[in-house]
Amino acid sequence: MRVRRSYVVSGFSRTVLCGDVRVNATLQFGMPKTEDEWKETLNPDQFYVLRKHGTEPPGSSALNAEKRHGTFKCAGCGQPLFSSDSKFESGTGWPSFSAPLGHAVETSTDRSLFMTRIEVHCAGCGGHLGHEFPDGPPPTGKRYCMNGVALKFEPEDQA
Ligand SMILES: [Zn+2]
């Protein structure tokens, strides 16, 4: 395990690693940054959500009202996470999506706050993004309830 772990840390693509270390890779995320390094690159709100599993107040993100075509990327590492095509108005006060882009996110079980929820992380940097719920619209029936502060919106070229 120690040898494999060093491969992850040295930045090899996870596809090089075989399925049996996927759980380990989920925890390592191949892009190690120290807490101090994250504090330098993220603002305090982003740090609280992405690195401390925080939740922004509902209705606080300007991305709730974002209706343009484009891509929502991770505020931590820039990985594209969601297309505007999957965004929908959930009425929750958090930006909500029915499906992530392929391999963009990973999930884990979150048993905090006396609930069992599916936590959604960025597959690139492991940053906490929000939670997945089974009450979304078709075709997936899923609702990816995201913290807007963990996302950066990049509009498509208006040309
Ligand atoms: Zn990320």
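No value in this document is a laboratory result; all are computed from the given coordinates. Values in this document were obtained by computation on a predicted structure and should not be read as measured data. Note: ideal-geometry Cβ built from the backbone for every residue, glycine included; neighbour counts use all protein chains shown.
Some notes on this structure:
- For LEU151, the amide hydrogen comes within under 5 Å of the amide hydrogens of ALA75, counting only partners 5 or more places away or on other chains and with H modelled in the peptide plane.
- Charge tally in the Cβ shell below 13 Å around SER98, where Lys, Arg are +1 and Asp, Glu are -1, SER98 excluded: -1
- A simple spin-label model places the labels of ASP36 and MET115 3.6 nm from each other, with each point 7 Å out along Cα-to-Cβ.
- Each of the peptides 133-139, 85-91 was scored by the mean count of other Cβ atoms within 10 Å over its residues; in descending order, highest first, they stand as 85-91, 133-139.
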